[in-house]
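Read the figures in this text as sums done on the coordinates, not as results from a lab. What you see is a predicted model; the values in this text were computed from it and never measured. Backbone-built Cβ (ideal geometry, glycine too); neighbour counts: all protein chains shown.
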Amino acid sequence: MSFSPSAFADNAAHEIDALHRLLQAWFRAEGPSDPAAILARLDEGFIMMSPAGKFMTYQHFSGGLSGMRGSRPSLIMEIGEVVVRYVSDTAALVTYHERQIQDSGANLRASTALLLNRSDRPTPVWRHLQETWIS
């Protein structure tokens, strides 16, 4: 089977919203209580830089995930402006906006994600995430 850049780009763009649906459900304590579905979408080398400039590795994220379940029961995550900026046979660079709404208000962030095309996973896998506050 040959590689299709268009198909991988479409899958990468879809993955942005798909992971956020899982995370929203997790923070709201909805659905399965096993974090495996979330962790399977992250590469073991995953690293995230939060909007406040704090780095979080896969180990930190996976270690704290159980404690975050149900921690934000009113959270709504809206994803928009998803653009695949670069795609190759191994990776896609995607930008998007994320709006988080809770009882206490809302915030907006611009994000850039590097997603890998791994033959051992059914969906593109998150390797790097950079988030920036939008005022």
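Quick notes
- More than 13 angstrom apart: percent of Cα pairs within segment 67-128: 69
- For segment 1-94, the square roots a ≥ b ≥ c of the C-alpha gyration tensor eigenvalues yield an a/c of 1.5 or more together with a/b exceeding b/c, which makes the shape prolate.
- Local electrostatic count, PHE27, Cβ distance below 12 Å [Lys/Arg +1, Asp/Glu -1]: +3
- The Cα center of segment 1-59 and the Cα center of segment 112-135 differ in position by 7 Å.
- Sorted by Cβ density within 10 Å, fewest first, the residues ARG121, ARG109, ARG41: ARG121, ARG109, ARG41
- In sequence order, calculated HN-Hα J values of segment 102-119 (Karplus, 6.51, -1.76, 1.60; Hz; x Gly/Pro): 9, 3, 7, x, 9, 9, 10, 9, 9, 10, 10, 10, 9, 10, 9, 9, 10, 5
- Taking every alpha-carbon pair under 8 Å whose residues sit at least 6 apart, the chain reaches a relative contact order of 28 percent.
- The ranking of LEU22, LEU129 from fewest to most other beta carbons within 10 Å of each one's beta carbon is LEU22, LEU129.
- Phi angles of segment 80-85 translate, via the Karplus equation with coefficients 6.51, -1.76, 1.60 and θ = phi - 60°, into HN-Hα couplings of x, 6, 6, 9, 7, 8 Hz per residue; Gly and Pro are given as x.
- Cβ-based charge dipole, segment 5-134, positive-most Cα from VAL125, ALA110, THR90: ALA110
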